[in-house]
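Some notes on the structure that comes next.
The values are calculated or read from the model by the stated rules, or taken from the named source; none is laboratory data. Predicted, not measured: the structure shown is a model, and the values here were computed from it. Note: ideal-geometry Cβ built from the backbone for every residue, glycine included; neighbour counts use all protein chains shown.
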Amino acid sequence: MKNLKGTDFQKMVWNEIKKIPKGKTITYKELAIKIGKPKAYRAVANACAKNPLLEIIPCHRVIRGDGKMGGYMGKKGIERKKRLLESEGVKLNLNSKQKNRNEL
């Protein structure tokens, strides 16, 4: 990802996102903690929104802390994120934080 255009922070977030296994999810806050910036969860969400390589950097695996999916910048937005997660075996129960999460 040397030629990838973005800030150092964005690149750090994107590199960590690439480590999320297929079929697993993580919250924006958990991702912020993993990169050593525990209070930067909103900045993490913004970095996800700037992801230029949706097929390579699976930002659809990052969800909100309340268990809801959050946004998605790809075509058809949140519906595509939902389909991607379901296709990976993530069981979505948007009424329950605990049942929506597949911990790493």
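Restricting attention to the range 1-54, and to residues there that are small (Gly, Ala, Ser) and farther than 23 Å from residue 90 by Cβ, which single residue is modelled with the lowest pLDDT? Give the steps one after another, and end with the answer.
Residues of the range 1-54 small (Gly, Ala, Ser): 6, 23, 32, 36, 40, 43, 45, 47, 49.
Now restrict to residues that are farther than 23 Å from residue 90 by Cβ: 6, 36, 40, 43.
On the way: 6: 94, 36: 97, 40: 97, 43: 97.
Looking at the filtered set, the residue picked out is 6.
With the requirement that a residue be under 20 Å from residue 11 (Cβ atoms) and surrounded by 15 or more Cβ atoms within 10 Å (Cβ to Cβ), what does the range 55-70 give you? Before you say what the answer is, go through the steps one by one.
As a first pass, look at the range 55-70 and keep what is under 20 Å from residue 11 (Cβ atoms): 55-62.
Correct list: 57, 58, 59, 60, 61, 62.
State all residues of the range 47-87 that are among the basic types (Lys, Arg) and under 13 Å from residue 27 (Cα atoms); if no residue qualifies, say none. Full working, then the answer.
Residues of the range 47-87 among the basic types (Lys, Arg): 50, 61, 64, 68, 75-76, 80-83.
Correct list: 61, 64, 68.
Identify all residues within the range 20-54 that are free of Cβ contacts under 8 Å to residues at least 40 places away in the same chain, surrounded by fewer than 19 Cβ atoms within 10 Å (Cβ to Cβ) and farther than 17 Å from residue 69 by Cβ; write none if there are none.
33, 34, 35, 36, 37, 38, 39, 43
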